[in-house]
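I'd like to ask some things about the structure below.
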Amino acid sequence: MAVGATLTAFAQDYKVPVSERHEKMQQGKYEPTWQSLETHQTPEWFRNAKFGIWAHWGPQCVEGSGDWMARGMYIEGSSQYKHHVKHYGHPSEFGFKDILPLFKAEKWDPEALVQRYKRCGAQYFFVLGNHHDNFDLWDSQYQEWNSKNIGPHKDILEGWARAAKKAGLPLGISFHADHAWTWYETAQRYDQNGPKAGVYYDGKLTKADGKGKWWEGLDPQKLYAQNHPMSDRSWNNGQIHAQWGWENGAATPSEEFVTNFYDRTLDAINRYNPDLIYFDVTVLPFYPISDCGLKIATHMYNKNPRSVVFGKILSEEQKKALTWDVERGAPNQIIAEPWQTCNCIGDWHYNTSTYKHGYRTSENMVKQLVDIVSKNGNLLLNIPLRADGTYDEKASQFLDELEAWMTPNGESIFGTRPWVKFGEGPVAEKAIAINAQGFNEGQYNGMDYRDIRFNQTKKYLYATAMGWPQDGRLVIKSLAKGNKDFKKTITNVYLLGYGKLKASQTAEGLVVNLPKPCNKIAPVLRITK
């Protein structure tokens with residue numbers, strides 16, 4: 001059967017097949033089937049990189065009320081709703097569309113930011129293409145609600161892409177707008193209490209309603225996408241999580257909406273040539289009701305054979321076709337295929353409350369990085385930016401501390417591979433389950449010097465203790481005299497950032513007497529193989 005006939009037959013299996021009327025999927029080695037995509041291997045450059053930084057940044061940072069604010073501002077009584085009403089107005093009169101012009105990015109310096117991240121050890125750099133708010137952060141030809149038309153009046157992706165290229169970092173773009181269909185359903189609601197009871201929010205406005213307004217000529221439905229019935233139990237604020245994979249009564253998106261997301265994603269891929277793309281979804285966009293996500297992945301692989309496409313909540317077979325992403329957590333074992341954790345030092349979108357109470361510490365995140373790398377994973381870390389394009393002084397301090405640890409110890413991270421075991425110690429021995437996309441990072445808090453993590457290169461074995469023992473005596477049980485995994489006798493080790501130390505192998509383990517701490521987070525021992 002001809003390839004065209006194969007793809008046509010394949011598309012008929014889906015409830016909402018995507019149209020290629022505007023954007024054609026790149027033809028090549030791969031076809032939009034799991035069997036074909038399984039032949040793509042996660043590239044070695046990604047396995048070597050280990051650490052990336054993400055600018056998860058867009059107009060939802062304007063109010064400083066945190067992630068999902070464009071949904072939360074339409075949930076009566078929520079903290080984001082109260083903040084919005086107090087500072088901006090009622091969502092029937094001043095909706096998220098009206099926040100967009102306030103996103104100015106007036107102090108944004110992409111080149112300086114990317115260079116700063118690179119000094120901290122970032123080996124790749126990720127940016128937000130669009131979020132669930134459905135606003136494109138580039139000069140989008142398929143979405144009029146974009147950063148070139150509104151707000152900064154800049155092509156944000158172009159600026160980031162240029163900065164990443166200058167820094168020599170692979171570029172990643174994340175696309176989240178596929179869920180706007182259900183995510184924005186709160187904008188169809190109305191207050192049930194108070195003076196505005198029964199007054200609908202602005203989620204159902206049409207282009208005709210814009211006459212005489214600042215947004216005249218723009219169609220709010222191209223932003224909110226709410227000209228459809230609500231999902232089952234939509235007024236239950238948590239129901240969206242049970243419907244994330246388009247199950248359990250989620251409103252079925254139209255072919256027009258699905259195709260628009262496909263067109264926008266291919267438009268960005270073709271313009272900015274990313275090496276990585278990320279979707280905040282179960283498996284792939286609109287899977288399993290549409291072939292949209294499979295076609296985007298196929299396009300990416302055919303266009304850039306060294307590319308990486310991430311997916312969440314994957315089966316073992318799907319992990320062969322996509323690179324598994326775990327949000328805010330990690331498995332507690334070595335994973336055969338390369339994978340990634342995505343995490344943030346605060347909230348995904350800038351949150352003044354998180355800033356006030358403090359970000360994740362550099363100690364906490366470095367330990368997580370070491371743990372992830374020992375299990376064949378990478379860490380993608382978001383540093384929140386304010387709406388003006390700058391990070392605050394607490395994020396600056398975090399970056400300074402991260403750089404201070406990474407500069408002498410980065411060799412134990414980059415280009416390494418797992419050892420025969422990822423680690424030892426109380427946390428390594430715990431049974432830690434993944435919760436949906438991840439969300440188990442709290443299980444890894446509290447690691448101390450007893451928890452050791454291993455990784456290796458051809459020449460060296462690295463052993464990182466998750467803290468400094470008070471008396472300086474470090475015992476690594478897995479390297480005890482006579483152990484089967486490292487048969488060479490160890491008489492000395494090298495402490496990164498310090499120098500050579502004497503070591504002795506006993507029945508208890510490899511015993512090393514450490515000096516006073518030479519960094520504030522974790523000692524890394526380098527052992528010649």
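The values are calculated or read from the model by the stated rules, or taken from the named source; none is laboratory data. As the structure is a computational prediction, the values presented were derived from the model and not from experiment. Every residue, glycine as well, gets a Cβ built from its backbone with ideal geometry; the counts of neighbours run over all protein chains shown.
Keeping to the stretch 150-185, report how many residues are over 30 Å from A242 (Cα atoms) and either outside the structural domain of G249 (by TED's automatic domain parsing) or part of a helix (DSSP H, G or I) (or both).
Within the stretch 150-185, the subset over 30 Å from A242 (Cα atoms) is 150-171.
From what's left, either outside the structural domain of G249 (by TED's automatic domain parsing) or part of a helix (DSSP H, G or I) (or both): 156-167.
Of the residues in that region, 12 qualify.
For the stretch 482-499, state whether one or more residues are crowded, with 17+ Cβ neighbours inside 10 Å, in a strand (DSSP E or B) and among the small types (G, A, S).
No, there is no match, as no residue in the stretch 482-499 is crowded, with 17+ Cβ neighbours inside 10 Å, in a strand (DSSP E or B) and among the small types (G, A, S).
Could you identify the single residue in E106, E111 that is part of a loop (DSSP other than H, G, I, E, B) and among the charged types (D, E, K, R)? Can you show your working first?
Numbers: E111 fails: part of a loop (DSSP other than H, G, I, E, B).
Step by step, each of E106, E111 is checked, and only E106 is part of a loop (DSSP other than H, G, I, E, B) and among the charged types (D, E, K, R).
Could you look through the stretch 115-142, keep only residues that are assigned to a loop (DSSP other than H, G, I, E, B) and among the small types (G, A, S), and pick out the one that is surrounded by the most Cβ atoms within 10 Å (Cβ to Cβ)?
Going through the stretch 115-142, the residues assigned to a loop (DSSP other than H, G, I, E, B) turn out to be 120-123, 131-135, 137-142.
Those still in the list that are among the small types (G, A, S) too: 121-122, 140.
On the way: G121: 21, A122: 26, S140: 23.
Within the stretch 115-142, the match that is surrounded by the most Cβ atoms within 10 Å (Cβ to Cβ) is A122.
Still on this model: Restricting to the stretch 32-63, give me the number of residues that are more than 26 Å from Q115 (Cβ to Cβ), of a type outside the set (V, I, T) and buried (at least 20 other Cβ atoms within 10 Å of the Cβ).
4
Shifting gears a bit: Tell me the residue from K204, K165 that is free of Cβ contacts under 8 Å to residues at least 40 places away in the same chain and within 25 Å of the chain's Cα centre (by Cα), please.
Values: K204 fails: within 25 Å of the chain's Cα centre (by Cα).
Answer to the check: K165.
Further question on the same structure: Hey, among K502, K487, which residue is modelled with pLDDT under 95 and not aliphatic (A, V, I, L, M)? Steps first, please.
Details: K502 fails: modelled with pLDDT under 95.
None of the other options fit; the residue is K487.
Sticking with this structure for a sec: Can you find a residue that is charged (D, E, K, R), surrounded by 15 or more Cβ atoms within 10 Å (Cβ to Cβ), assigned to a loop (DSSP other than H, G, I, E, B) and at pLDDT 95 or above anywhere in the stretch 423-440?
Applying the first criterion (charged (D, E, K, R)) to the stretch 423-440 yields 424, 429-430.
When the remaining residues are screened for being surrounded by 15 or more Cβ atoms within 10 Å (Cβ to Cβ), the result is 424.
Still in the list and also assigned to a loop (DSSP other than H, G, I, E, B): none.
No, the conditions are met nowhere in the stretch 423-440.
Starting from the stretch 371-384, keep only residues that are more than 13 Å from W324 (Cα to Cα) and at pLDDT 95 or above, then list their pairs with residues that are acidic (D, E) and assigned to a loop (DSSP other than H, G, I, E, B) whose Cβ atoms are within a distance under 7 Å, requiring at least 6 positions of separation or different chains.
P384/D347
Follow-up question, since we're still on this one. Given the criterion among the hydroxyl-bearing types (S, T, Y) and in contact with a helix residue (DSSP H, G or I) (Cβ under 6 Å, 6 or more places away or on another chain), identify the matching residue among T186, T206. Don't jump to the end; show me each part of the working.
Values: T206 fails: in contact with a helix residue (DSSP H, G or I) (Cβ under 6 Å, 6 or more places away or on another chain).
Selected residue: T186, the only one of T186, T206 that is among the hydroxyl-bearing types (S, T, Y) and in contact with a helix residue (DSSP H, G or I) (Cβ under 6 Å, 6 or more places away or on another chain).
Now for a separate question. Would you mention how many residues in the stretch 42-72 are within 15 Å of I277 (Cα to Cα) and outside any helix (DSSP H, G or I)?
7
Residues that are surrounded by 17 or more Cβ atoms within 10 Å (Cβ to Cβ) and of a type outside the set (D, E, K, R): find the helices (runs of 4 or more DSSP H) completely inside the stretch 232-326 holding 3 or more of those.
Details: elements: 239-242, 255-272, 292-303, 318-321.
Answer list for the stretch 232-326: 255-272, 292-303.
Moving on to the next point. Quick one: in the stretch 327-345, of everything that is free of Cβ contacts under 8 Å to residues at least 60 places away in the same chain and not in a strand (DSSP E or B), which residue is surrounded by the most Cβ atoms within 10 Å (Cβ to Cβ)?
Among those that are free of Cβ contacts under 8 Å to residues at least 60 places away in the same chain and not in a strand (DSSP E or B), it is I345.
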